1. Select from region 259-274 the residues that are closer than 23 Å to Asn194 by Cβ and without any contact (Cβ under 8 Å) to a residue 24 or more places away in the chain and list them in ascending order.
2. Among the listed residues Ile49, Ile71, which satisfies the condition of being in contact with a strand residue (DSSP E or B) (Cβ under 8 Å, 6 or more places away or on another chain) and surrounded by 15 or more Cβ atoms within 10 Å (Cβ to Cβ)?
3. Restricting to region 75-115, give me the number of residues that are surrounded by 18 or more Cβ atoms within 10 Å (Cβ to Cβ) and touching a residue at least 60 places away in the same chain (Cβ under 8 Å).
4. Can you find even one residue in region 153-164 that is among the acidic types (Asp, Glu), surrounded by 16 or more Cβ atoms within 10 Å (Cβ to Cβ) and part of a strand (DSSP E or B)?
5. Within region 139-197, how many residues turn out to be at pLDDT below 95 and aromatic (Phe, Trp, Tyr)?
6. Take Gly277 and tell me if it is on the phi > 0 side of the Ramachandran plot and either surrounded by fewer than 18 Cβ atoms within 10 Å (Cβ to Cβ) or free of Cβ contacts under 8 Å to residues at least 24 places away in the same chain (or both).
7. Taking Lys44, is it of a type in the set (D, E, K, R), buried (at least 16 other Cβ atoms within 10 Å of the Cβ) and farther than 19 Å from His144 by Cα?
8. From Ala208, Ala204, Ala174, which residue is in contact (Cβ under 8 Å) with a residue 12 or more places away in the chain, assigned to a helix (DSSP H, G or I) and touching a Gly at 6+ places or on another chain (Cβ under 8 Å)?
Amino acid sequence: MKAEDIKRVLIIGGGTMGSQIALQFAVHACDIVIYDIGEEALAKSLASIRRMAASLVRQQRVTPEDGETAIGRITTTIVSEAAAADIDLVSESTPEDPVLKGETFALFHRLCPERTIFTTNTSTLLPSMFAEASGRPDKLLALHFHDLRMTNVVDIMPHRETDEQVVQLVQAFAQRMGLAPIMMKKESSGYIFNAMFGALLLSAQTLAANQVASVEDIDRAWMGVMKMSIGPFGMMDSVGLDTILKITDYWGRKSGNEQQLRNAALLKQYVERGELGQKSGKGFYTYPQPLFIEPGFIEGE
């Protein structure tokens, strides 16, 4: 199979990232199937995709006609057999649980054609953690996306058993999809950007959890010195505090790091109140007009 032969893509998980990936591929002429476990999740995914497509039109990144054509290429289903039919490539965006990911891939290994390539969008796990469970470890690797509204950079991370031809194929496909692939030579948690980004978020969480400074002052320090328009807590709101909590709690428990567990406890307070960040309208800040965009925020006025 060549990159141009990948025409039908299955998105497993219609959340924030799954929806973004679906639209990116649809804009670049792939037929997309989004699979999730509930119709409500799929309805939310389609609504999100329509909003993102409208934003692309406003930014003149696509024409109105091309935006509608892309949306027309996207279908949804809660039936795994229908989702797997004639699929060339799978992009998985399920919660950060290696057992769940392994079970999900094992299911679609039984249902997808033999040629189908499996990719995971995991943020913190390693493909080798669920490669054997997937049923086709030689065709499994990470194709990891960042916020596609901000960047077209993607990480490609194989594991030891990934076929080199599959790696090259996914690289060529990513380029065909208008993406900028960053090729990793070996597995490393957090990829490239996320490894650096995660260190920033961990430091910010630690300062707040230990009551060294307020959330606002921590963000002000970063924004003021680095001349940035957003600080680490604003960034966490953008990612989603539920996602940040899962990552922080997972690695805190896995490593036994007491500080990370205290950080997770800080995040949990917000998540339990339903304050998940931008997507819920409130997190560390209140949206759509968070305090950090107001004039004088950095100066403390």
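The values are calculated or read from the model by the stated rules, or taken from the named source; none is laboratory data. In this text, all values refer to a predicted model and were calculated from it rather than measured experimentally. We place every Cβ from the backbone using ideal geometry, glycine too, and count neighbours over all the protein chains shown.
1. Just the residues of region 259-274 that are closer than 23 Å to Asn194 by Cβ, to begin with: 259-268, 270-271.
Within region 259-274, Leu261, Ala264, Lys268 meet the criteria.
2. Working: Ile71 fails: in contact with a strand residue (DSSP E or B) (Cβ under 8 Å, 6 or more places away or on another chain).
Only one candidate passes the filter, namely Ile49.
3. Adding up the residues that qualify gives 14.
4. Narrowing region 153-164 to residues among the acidic types (Asp, Glu): 155, 161, 163-164.
Imposing the further condition that a residue be surrounded by 16 or more Cβ atoms within 10 Å (Cβ to Cβ) reduces the set to 155, 163.
So of that shortlist, the ones also part of a strand (DSSP E or B) come out as 155.
Looking for residues that are among the acidic types (Asp, Glu), surrounded by 16 or more Cβ atoms within 10 Å (Cβ to Cβ) and part of a strand (DSSP E or B), one finds at least one in region 153-164, hence yes.
5. 3
6. Details: on the phi > 0 side of the Ramachandran plot: yes; either surrounded by fewer than 18 Cβ atoms within 10 Å (Cβ to Cβ) or free of Cβ contacts under 8 Å to residues at least 24 places away in the same chain (or both): no.
Taking the combined requirement at face value, the residue does not satisfy it.
7. Working: of a type in the set (D, E, K, R): yes; buried (at least 16 other Cβ atoms within 10 Å of the Cβ): yes; farther than 19 Å from His144 by Cα: yes.
Answer is yes for this residue.
8. Working: Ala208 fails: touching a Gly at 6+ places or on another chain (Cβ under 8 Å); Ala174 fails: touching a Gly at 6+ places or on another chain (Cβ under 8 Å).
When all the criteria are applied, what remains is Ala204.
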